[in-house]
Amino acid sequence: MVLVWFRLRDSVVLLLMFFLIIWGCAGRSNKKVALSVLWENDRAVGLEIPRANFPDMPDDSVSQLLSIHLLQGEESAVFGDFSIHEDIIIYRPIVPFTRGFMYGLQEKGRLVSSIAIPLGSRVDAPTVNRVYPSQDTLPYNLLKFYIHFSKPMREGKSLHYVTLLKDGKDTVHSVFLDLQPELWNKDGSILTLWLDPGRIKRHLQPSQRLGEPLKKGHSYRLFVSSGWQDKSGNSLVRDFTKDFYVSVRDSLSPDPNGWIFNVPEAGTTQPLVISLNEPLDFILLKEAIRVADLNGNILSGMVELRNEESTYIFTPEVAWLKGIYELQIESRLEDLSGNNLNRPFDRDISTVKALTEKDVYVREFSTQ
Amino acid sequence: MKKLFYFVAVCMSAVLLVASTNRHAPSGGFENGTPDIQSISALAFGPDGVLFVGDSKSASVFAIDTKDKVVVDKAPAVDMKNVDQKIASLLGTTASNIVIQDIAVNPLSKKVYAAVQHSNGTHVLLSIEGQKIVPVDLKNISYSVFSINNAPAEDAKDQRGRPLRVWAISDLKYTDGKVMVSGLSNQEFSSTFRVIPFPFTSKQDQASLEIYHAAHGRYETYSPIKTFTTADLNGKKYLVASYTCTPLVLFPLDELKSGTHVKGRTVGEFGSGNTPLDIITLKKGDESILIMANSSRPVMRVKYKNLERYEGSLTEPVTESYATAGVDFVTLPFVNVLQLDKLDDTQVVLLQRRVNGDLDLWSSGDRWF
């Protein structure tokens with residue numbers, strides 16, 4: 001009987017303690033503050049806080065009494081601004097919230113509510129679209145890769161995610177140049193990755209010690225890990241691989257005089273098709289070549305590259321007239337090994353003749 | 001009469017106030033507003049509290065009037081442990097989601113400024129004073145901008161209509177009324193170096209140079225400059241540049257003229273498998289010294305008087321693995337230093353990854369250098 005009484009008493013005490021804790025917690029948070037996330041361009045740029053939850057708080061005290069914290073250990077108040085819009089308090093951090101993290105709203109240093117910023121939908125997850133050069137046989141003094149993603153990617157840690165495997169088993173170390181800042185296009189969707197030029201250039205110490213990064217006659221796999229996240233925090237849908245075989249060194253400048261022109265008929269908007277005899281740099285082909293009439297007017301049109309960047313196709317917006325046109329090629333146009341029209345990538349001044357230093361090379365063609 | 005006296009006094013005060021304000025305001029080319037800074041790749045201070053921000057994404061250099069002009073002669077020591085975690089927490093994220101792109105010390109206030117990139121692509125400018133980190137508000141400020149792009153023509157695009165061109169700023173310095181910018185292109189593997197007179201004017205006058213150095217007397221090497229400083233050597237101003245494969249190369253500043261190709265003199269080869277990260281010039285007594293941080297080597301010290309004495313150019317390849325050649329230098333007991341700047345004439349502030357993985361911002365007196 002006594003034992004039952006003690007158990008009953010303990011249960012009541014425990015129950016009372018439980019209610020006290022619940023009441024205490026409720027008293028601490030005192031209110032149910034329903035936070036909602038403010039989204040802009042798929043970024044969590046703010047939080048909406050109902051003003052009604054803080055009826056006694058003067059408007060000019062909101063930013064002193066409320067604060068937002070990352071819910072992870074003892075975190076400082078996040079930099080941001082509170083503003084009041086009628087019945088809503090809007091908090092905007094100076095940097096959008098990080099997806100996958102939880103944030104808490106504190107009133108006078110006490111947690112009153114929290115909210116999780118959801119991860120992005122896998123439907124929106126990024127992919128690697130293309131890698132240039134497109135060829136599967138590349139020179140052993142290859143200078144760079146361009147990696148095209150479907151979304152803007154996280155910058156600054158590329159070499160954590162890109163590796164090169166030799167003959168399907170060995171990771172090639174120190175093969176890429178570790179550059180900060182990394183070379184991304186404006187929206188962060190195209191990365192330029194240099195193979196360490198010190199290892200390509202003859203007689204520089206890295207090439208003496210480590211040898212060229214790619215070895216002739218071997219197979220390689222460029223591997224992009226699916227661990228890489230885009231700027232919204234979504235990881236790549238899958239790993240990406242590009243297999244290629246390494247052939248001879250290319251030490252010769254591209255020669256526009258050897259290019260074969262397939263000239264369209266006058267009065268049509270048929271494309272001008274030029275066979276370049278070798279694959280050239282993807283970006284420079286688009287940037288460094290123009291078609292002009294004899295008065296020097298640059299023609300508007302669309303540029304397309306085919307046959308693994310070895311065919312240049314220009315389709316004009318306006319029909320060709322009968323007469324002579326110019327293909328203007330800036331000397332900075334490079335092949336896959338960094339040899340441009342004026343000079344090879346590294347120049348042995350003891351054996352090579354004097355450089356031609358032209359800014360623009362011109363090939364004329366006439367339409368009939 | 002009393003009223004008239006007060007009126008005159010108020011007018012005189014106003015005139016004095018305007019005069020004193022103008023005296024400290026940056027001259028020419030500045031406007032009030034919110035600069036469209038899309039990225040912060042490099043920072044450097046100029047005169048009168050002007051901070052230069054190198055923005056690779058918009059290919060521009062912004063000059064920002066920080067209004068941080070209270071002169072402090074001797075900087076207090078800097079010692080902030082786990083600076084990346086502290087910054088990340090204030091930005092509502094974790095250290096793995098941020099990169100400290102650059103640090104710069106205001107030579108007037110000795111306050112440290114840091115450019116931080118968030119993994120979601122946002123860039124933030126912060127100032128650090130003691131244990132306090134404060135965001136630098138870039139809204140409605142006084143600023144001036146210089147566009148680096150020579151050709152404002154529309155950039156080429158890929159099949160999805162995305163621009164292809166990149167011109168990344170690798171380093172930025174101010175000296176003698178000029179902003180110097182070294183850059184990397186994603187197209188050609190060469191260095192473009194720009195000398196931009198400051199204050200920026202509407203009629204822009206810039207020198208765009210392609211500079212290269214002779215490697216081992218046989219191969220001419222075009223390669224991007226990673227970091228640089230300027231120095232007086234034997235009474236002549238030089239650009240002291242370090243390339244992506246660690247040679248130290250000298251260029252006479254007066255030869256860097258628009259449209260020229262300038263060949264530098266390689267005076268040091270500081271070892272392979274390494275990328276220079278930052279260079280500063282420091283005074284030690286009457287002596288000027290160069291301090292260089294590296295990706296895979298400790299911080300190095302070179303005495304400018306040794307550079308002055310070193311008249312040669314490296315003519316023989318360095319054949320021994322990891323060996324060095326050229327001008328004498330000393331390696332200092334600091335490894336994994338990611339960023340450096342001069343805190344004052346005798347102190348250096350370092351951003352260093354410690355052996356235990358912590359990233360600390362701290363300053364060191366000249367006894368270490």
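Taking the alpha carbon gyration tensor of the range A:240-368, what are the square roots of 5 times its eigenvalues, largest first, to the nearest whole Å? It would help to have the intermediate numbers written out before the result.
Details: eigenvalues 162, 72, 25 Å².
For the range A:240-368, the semi-axes come out at 28, 19, 11 Å.
Where does the charge balance sit around residue A:366 when Lys and Arg score +1, Asp and Glu -1, over other residues with C-beta under 13 Å from its C-beta? Spell out each step's value before the answer.
Details: positive: A:322, A:363; negative: A:265, A:293, A:326, A:364.
That sum, taken over residues with Cβ under 13 Å, equals -2.
I want to make sure I understand the PRE zone here: with the label point 7 angstrom from the Cα of residue A:134 toward its beta carbon, which residues in the range A:280-318 have backbone N atoms less than 17 Å away?
A:280-287, A:302-315
Sort A:103, A:161 by Cβ crowding within 10 Å, fewest neighbours at the top. Kindly include the intermediate steps, with their values, before the conclusion.
Values: A:103 25, A:161 20.
By the 10 Å Cβ count, ascending, the order reads A:161, A:103.
What is the mean number of Cβ atoms from other protein chains located within 10 Å of the Cβ atom of each residue in peptide A:326-335, rounded to a whole number? Could the numbers behind the result be given before it?
Working: counts 0, 0, 0, 0, 1, 1, 5, 2, 3, 0.
Partner-chain Cβ atoms within 10 Å, mean over residues of A:326-335: 1.
Quick one: which of B:86/B:284; B:67/B:173; A:157/B:284; B:67/B:263 span more than 30 angstrom between C-alpha atoms? Could the numbers behind the result be given before it?
Working: B:86/B:284 33 Å; B:67/B:173 19 Å; A:157/B:284 37 Å; B:67/B:263 40 Å.
The pairs that break the limit, which is 30 Å between Cα atoms, are B:86/B:284; A:157/B:284; B:67/B:263.
Report the Cα centroid-to-centroid distance between the range A:307-329 and the range A:99-169 in angstrom, as an integer.
Rounded to whole Å, the Cα centres lie 37 Å apart.
Using the number of other C-beta atoms within 10 angstrom as an exposure proxy, rank B:229, A:268 with the fewest first. Write down the numbers at each step before the final one.
Details: B:229 22, A:268 11.
Ranked by crowding around the Cβ, least crowded first: A:268, B:229.
I need two numbers for the range A:75-191: Rg to one decimal and Dmax as a whole number, Cα atoms only, in Å.
Radius of gyration, then largest Cα-Cα span, for the range A:75-191: 21.4, 66 Å.
Please identify the trypsin sites (Lys or Arg not before Pro) of the range A:57-120 that satisfy two criteria: DSSP loop assignment and at most 15 other Cβ atoms within 10 Å. Which are they? Numbers along the way, then the final one.
Working: sites: A:99, A:108, A:110; in loops: A:99, A:108.
Within the range A:57-120, the qualifying trypsin sites (Lys or Arg not before Pro) (loop, at most 15 other Cβ atoms within 10 Å) are A:108.
Please go through the residue pairs B:57/B:342; A:144/A:169; B:139/B:342; B:111/B:303; B:237/B:257 and name each one whose alpha carbons sit more than 24 Å apart in this structure.
Violating the 24 Å Cα-Cα cut-off are B:57/B:342; B:139/B:342; B:111/B:303.
So how do A:357, A:86 line up by other beta-carbon neighbours within 10 Å, fewest first?
Numbers: A:357 9, A:86 5.
Ranked by crowding around the Cβ, least crowded first: A:86, A:357.
Give me the one-decimal nm value for the distance between modelled label points at residue A:48 and residue A:124, 7 Å along each residue's Cα-to-Cβ direction.
So the two model labels end up 1.8 nm from each other.
Multiply the residue separation of residue B:96 and residue B:129 by 0.36 nm, subtract the distance between their alpha-carbon atoms, and state the gained length in nm to one decimal. Could the numbers behind the result be given before it?
Details: separation 33, 0.36 × 33 = 11.88 nm, distance 2.33 nm.
Contour length minus the Cα-Cα distance gives 9.6 nm.
Given an 8 Å cut-off on Cα distances and at least 6 residues of separation, report the relative contact order of the range A:219-347 as a percent. Before the final figure, lay out the partial values.
Working: 229 pairs, mean separation 31.9, N = 129.
The value is 25 percent.
How about the range B:333-369: which trypsin sites (Lys or Arg not before Pro) there lie in a loop by DSSP and see at most 15 other Cβ atoms within 10 Å? Let's see the in-between values first.
Numbers: sites: B:342, B:353, B:354, B:367; in loops: B:354.
Those satisfying the criteria are B:354.
No value in this document is a laboratory result; all are computed from the given coordinates. Predicted, not measured: the structure shown is a model, and the values here were computed from it. Every residue, glycine as well, gets a Cβ built from its backbone with ideal geometry; the counts of neighbours run over all protein chains shown.
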